[in-house]
């Protein structure tokens with residue numbers, strides 16, 4: 001099992017950060033492992049969607065949004081099972097962003113699990129950096145950290 005927890009202060013009000021993270025159709029901008037998204041159904045605050053990871057790893061996710069508080073993602077089929085929670089906490093005029101990922105990879109051995117932990121840790125670090133930058137108004141700036149992660 002891969003467990004990741006990150007926290008980052010964002011110098012923007014919670015409402016602004018919520019606007020950024022709740023635009024779930026643009027998740028592939030922040031979560032670079034996602035190459036495509038197709039919504040299958042939407043019922044108020046629950047969205048079921050198909051995501052493709054990499055070239056051909058098709059997964060199904062169920063997202064539940066709690067306005068201004070959290071987005072809960074349940075991976076229900078595919079190469080990943082588990083949850084990802086994105087939480088927002090108000091800090092006066094700023095926001096505390098927290099990412100919690102609890103993933104399992106059926107059929108993957110211990111060595112591969114260590115490699116996947118590092119990969120998903122890097123992806124989460126990039127995502128919080130990009131969320132922070134967009135929320136603070138640096139929409140088109142890609143940090144040196146982000147460039148380091150995604151250059152082959």
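Things worth noting here:
- Residue under evaluation residue 90, criteria (1) modelled with pLDDT of 95 or more; (2) touching a strand residue (DSSP E or B) at 6+ places or on another chain (Cβ under 6 Å), criterion not met: (2)
- Qualifying residues in the range 130-152 (those that are surrounded by fewer than 18 Cβ atoms within 10 Å (Cβ to Cβ) and under 18 Å from residue 7 (Cβ atoms)) - the one modelled with the highest pLDDT: 136
- Here the strands (runs of 3 or more DSSP E) wholly within the range 1-89 that include at least 1 residues being farther than 23 Å from residue 135 by Cβ and in contact with a helix residue (DSSP H, G or I) (Cβ under 7 Å, 6 or more places away or on another chain) are 2-10, 34-43.
- Candidate set: the range 83-93, residues that are touching a residue at least 24 places away in the same chain (Cβ under 8 Å) and surrounded by 16 or more Cβ atoms within 10 Å (Cβ to Cβ); chosen: the one farthest from the chain's Cα centre (by Cα): 88
- Residues of the range 110-122 include at least one that is surrounded by fewer than 13 Cβ atoms within 10 Å (Cβ to Cβ), over 20 Å from residue 58 (Cα atoms) and modelled with pLDDT of 85 or more.
- Condition broken by residue 7, with the remaining ones in (1) over 19 Å from residue 121 (Cα atoms); (2) touching a strand residue (DSSP E or B) at 6+ places or on another chain (Cβ under 6 Å); (3) surrounded by fewer than 16 Cβ atoms within 10 Å (Cβ to Cβ) satisfied: (1)
Residue by residue, here is whether (1) in contact with a strand residue (DSSP E or B) (Cβ under 6 Å, 6 or more places away or on another chain); (2) crowded, with 17+ Cβ neighbours inside 10 Å holds:
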site: 1; (1), (2): yes, no
site: 21; (1), (2): yes, yes
site: 26; (1), (2): no, no
site: 34; (1), (2): yes, yes
site: 52; (1), (2): yes, yes
site: 56; (1), (2): no, no
site: 71; (1), (2): yes, yes
site: 76; (1), (2): yes, no
site: 106; (1), (2): no, no
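The values are calculated or read from the model by the stated rules, or taken from the named source; none is laboratory data. Predicted, not measured: the structure shown is a model, and the values here were computed from it. Cβ: placed from backbone, ideal geometry, glycine included. Neighbour counts: every protein chain shown.
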